[in-house]
Structures are given as structure tokens and as C-alpha cells.
1. What does DSSP give for the chain in terms of the percent of beta bridges that are antiparallel, rounded to the nearest 5?
2. Using the Kirkwood radius built from alpha carbon pairs, what does the Stokes-Einstein equation give as D for segment 228-282 at 4 °C and 1.567 mPa s, in µm² per second?
3. Taking all protein chains as present, what is the carbon and sulfur share of the accessible area of segment 140-219, in % to the nearest whole number, probe 1.4 Å?
4. Residue-wise, which Karplus ³J(HN,Hα) couplings in Hz belong to segment 111-124, taking 6.51 cos²θ - 1.76 cosθ + 1.60, θ = phi - 60°, and x for glycine or proline?
5. Which log10 I(q)/I(0) values does segment 137-209 give at q = 0.21 Å⁻¹ under the Debye formula, counting every alpha carbon as one identical point scatterer?
6. Let me check I've understood the local charge: for residue 166, count other residues with C-beta under 13 angstrom from its C-beta, Lys and Arg +1, Asp and Glu -1. What total comes out?
7. Going by amide H atoms built from the backbone, whose H comes under 5 Å of the H on residue 224, apart from near neighbours?
8. Tell me the label-point distance for the pair residue 94, residue 124, using the 7 Å Cα-to-Cβ offset, in nm and rounded to one decimal.
Amino acid sequence: MVLALTLGACGNKKNASIDQSKGLSGTIKIDGSSTVFPITEAVAEEFRGVQPNVKVTIGVSGTGGGFKKFSRGETNLSNASRPIKSKEKKACEENNIKYLELEVAYDGLSVVVNPANDWVDSFTVEELKKIWEPSAQGKITRWNQIRPEWPNEEIHLFGPGTASGTYDYFSEAICGKKVGTRGDYTASEDDHVLVQGIAGDKYALGFFGLAYYQENKDKLSLIGVHNGTEVVKPTLETVKNGTYSPLSRPLFVYVNSTSVKSTEVVAFVNFYIDKAGEMAKDVGYIPLPADKYAGLKESFKTFVENNQ
């Protein structure tokens, strides 16, 4: 899915005060994580108000799908909900693609059920593993197999596809490194599809980034996870202070070195770093400390100087 942002220019004081350079044009191509998409989309909308002649297109093919395009030089930036993998680094090297990793926010994965589900109040990590591990496929199929007092009804599972960084993070945090999950669940790289599936099924269970729960909390119930000490739900505070464990993680944007030869890309990335904290909060994620964004600005400045 590719969304071209074509909003009209905004003539408000907010945008006027952050105008970095006048009269830019061109196209900036971004793809990758659906989890990082809401932040990047929000930044792009603001940037459009400052630079109406720059077209920003944002694809949502998952972190893995985004890195494939990025490593072929097809995109300027890549949204990622996990760090780049060795095989993806190698693909970039083979195509002489250099890049800079920018950590832009923190996220907590949401474990959600249908609002009509009145039996689940929390999960332990062990219970989530029992449901999602590969060996559960075809065997753990009913709610009462998790806790005897839960209904003798089928569990209907929803989650991101295997190209998703959210999938990678969840599977490693819950099932173990390089283990993966069971395959008999409804998978989609589009989190809105997952939201619709869970919202329409009393016996559904799924997971995705916190922003998509925040956006759809009237249709879903958020379930807390026991961190070994207490049951915690993901919020700005619990993700930031690390108590929502083990389902908290950083989010990234990667910048292609050849792209920084384009003035519009440099302006956009600088704008992104300036706005990331505010936009992260607006869409339900957790901003980095201010000094980290200042450090990113310096790193990007050096990256630009070394690649122009």
C-alpha cells in the first residue's frame, strides 16, 4: 500500500515558525513498517504545510519489505520497527547503499481482545508463549487450554505477517530468539485489517503496535502482561520507564546515503528529527529524551557532510 500525501499548504503560525528552507520540490519515497507509519505520516503532513511542492509517498510493506526496497536503492527512507538484520546489511553493501539509523521513538506492543471478551484480565509471558509458540499449532486451539476457567471456545488469532518488524519483536520476546510463531493465524501487514478482525470476533486475540490500539480503543480491549512482578498495560509512562516488559522496543527510520544529495531529503530528515518527539506523542508512542534528538541531529549533520 502506498499513500501519497497531498494535503494543501497550512498557513498557520506553527508551520511558519519551523520553515527551514523555501521553494523546495521533488519526491521523497518512504516504505517499511506499518508501526512507524503513523509517526512518519504525521511528520509528512506537517512538512507538506511547509513545503507544499515536495511530494512524500509512504508505503506500508512491513519492515522486511521496506528494507528490500531500501537495499535496492528504490526508497530514500525506510521505516523499521526493529534494527536492520545482517542479511539486509549485506544486501545494502552489495548494492553500495550506505545508511544512517535514526531511533525516533519507543513503542509498546499491544495485546488486545474483543470488548465482549469478559474472561481475560491479563496474560503471563508463559501463557502468551503457550498460545503463540510453533508447537502450539493445531494443539492449543481453545481458551480453556490456557486457563481451565476460561470458555471452551476456539481462540482466533490475529497478528502481523512474518515480514513485519512487529512480528519479529513479538516472536523473539515471547517465543524465543529465531523461534518464530505458529503459522495458523490471520496475518496482515496492514494493522487496520487486524483491528477489524479482532473487533468483529468475540473469541479473537491479537497484537500490534500501541498507536493502533490508541486509534481504535473504542473497538478493542487492551490486556495487561505480567512482567514477573506485576501486571502492566502499555502506556506512555510504562513503556518509557521499562515496566511494560518484555514488549517495549525502539522504533527507527533509516536514511539512504545517496538521498542526502537532494536538498528536499535533507530538509525532510532534519524536520523529522525536530518533530519526532511531538508527533510520537500525538499518535500514541513515546518520545525519546530531548538530548537524544539533539544527538541524532548532529549524527545526521555529519552523515550529510560525509555523503554529499
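1. Bridges in the chain are about 65 percent antiparallel.
2. Calculated translational D: 94 µm²/s.
3. Heavy-atom surface of segment 140-219 belonging to carbon and sulfur, 1.4 Å probe: 45 percent.
4. 3J(HN,Hα) across segment 111-124, in whole Hz: 9, 10, 9, 5, x, 6, 6, 10, 10, 8, 10, 6, 10, 8.
5. -0.97
6. Taking every Cβ under 13 Å from that of residue 166, the sum is -4.
7. Long-range HN contacts for residue 224: 123.
8. Between residue 94 and residue 124, the simple spin-label model gives 4.5 nm.
The values are calculated or read from the model by the stated rules, or taken from the named source; none is laboratory data. These numbers come from a predicted model, not from an experiment. No Cβ is skipped: glycine too gets one built from the backbone with ideal geometry, and neighbour counts run over all protein chains shown. To get the accessible areas, we keep the full protein, side chains included, count just its heavy atoms, and leave off ligands, DNA and RNA. Shrake-Rupley method; radii C 1.70, N 1.55, O 1.52, S 1.80 Å.
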